[in-house]
Amino acid sequence: MNKESIINFENIYVSYELQPILEEINLKIKEGEHWTILGSNGSGKSTLIKLISNDLYPNTKYPHKKEIFGKARWSIFDLKKNLGIITNDLHNYFAMHGKFLTAYEVILSGYFSSVGVFSHQDFTQEQHEKALEVLEFLEISHMKDKKVHQMSTGQLRRCIIGRALIHKPKAFILDEPTVGLDIKSQDSFIKLIRKLSKKASIILVTHHIEEIFPEVSNVALIYNKRIYKQGLKKDILNSENLSEIFEIDIKLEEENNRYYIKSIN
């Protein structure tokens, strides 16, 4: 049985005015796979996320294929029902503009992709029950009525995930999900991502090696505006490749299916 394609990109170029940002992007991710897209700051990771989310479009000068879940065209609202996109920009927006929302309201707002819950929005009993289920899955039922401005970074990030989770998306894109978290919170959040990976495919976009959780099966390395290498984690994630894309001599080690940098020269 063939797995459904989540992302199918061929020969994609992205430019800002005349400045090339991504070049010759070829990437295929299938349902049920968990991927890490790894690269340094400025390598093109954020642009790739915007390409996937339809906030940016390919340069039509080059023949290309850009399909998400087998379709070339999506409304952004419909795409978000299938693909939960969790970025730090979204987190920061809620932290700034949604300060007085409760955890429950943040999650419920996902039904309308709004920042907040408003009187003209009608929610069914089923939707309310689903929001409560999501709180329980995320292990934050105890903070149902807690306001955003009272939350830790990790608590708000769980709520942002919950906002996407109500749609039961087929896949999640997580953009550096443990940034701003202390060691204990990082460990707790990685455990949550592993739990989430049982429900949907995870595409982890990061430059943090320690975020790569054991269930990740494939890795794509992005370097100098291109996909430098991609394939099975065991074949791609090694000292030589990381040294190349980060432009520094890295000694990578693996223990209990978790990777860490032993030394940098």
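Out of I140, I203, I173, I160, report the one residue that is within 17 Å of the chain's Cα centre (by Cα), over 15 Å from L90 (Cα atoms), crowded, with 17+ Cβ neighbours inside 10 Å and β-branched (V, I, T). Answer to the check: I203.
Pull out all pairs, ordered by first then second residue, where Cβ-Cβ is under 8 Å, the residues are six or more apart or on different chains, the first lies in the range 21-49 and is buried (at least 23 other Cβ atoms within 10 Å of the Cβ), and the second is in a loop (DSSP other than H, G, I, E, B) and of a type in the set (K, R). Correct list of pairs: L22/K225; G44/K225.
Only a single criterion out of (1) within 21 Å of S201 (Cβ to Cβ); (2) among the β-branched types (V, I, T); (3) in contact (Cβ under 8 Å) with a residue 40 or more places away in the chain is not satisfied by V148, namely (1).
Within the option set F69, F94, being under 20 Å from A171 (Cα atoms), in contact (Cβ under 8 Å) with a residue 60 or more places away in the chain and of a type outside the set (A, V, I, L, M) holds for one residue only, F69. Taken across the range 179-190, residues that are among the hydrophobic types (A, V, I, L, M, F, W, C) and over 30 Å from S141 (Cβ atoms) do not occur at all.
Taken over the range 175-206, residues that are part of a strand (DSSP E or B) and closer than 19 Å to G39 by Cα amount to 6. Each residue in the range 200-238 was checked for being among the charged types (D, E, K, R) and touching a Leu at 6+ places or on another chain (Cβ under 8 Å), and 4 of them qualify. In the range 1-78, counting only strands (runs of 3 or more DSSP E) that sit wholly within it, the ones holding 1 or more residues that are basic (K, R) and over 14 Å from I227 (Cα atoms) span 19-30, 65-68.
Count of the range 221-265 residues, restricted to those that are in contact (Cβ under 8 Å) with a residue 12 or more places away in the chain, hydroxyl-bearing (S, T, Y) and not in a strand (DSSP E or B), is 1.
Here the range 79-103 is the region considered, the condition is being crowded, with 19+ Cβ neighbours inside 10 Å and part of a helix (DSSP H, G or I), and the residue that is modelled with the highest pLDDT is A103.
The values are calculated or read from the model by the stated rules, or taken from the named source; none is laboratory data. All values reported here derive from a predicted model rather than from experimental measurement. Quick reminder, even Gly has a Cβ in these numbers, built from the backbone with ideal geometry, and neighbours come from all protein chains shown.
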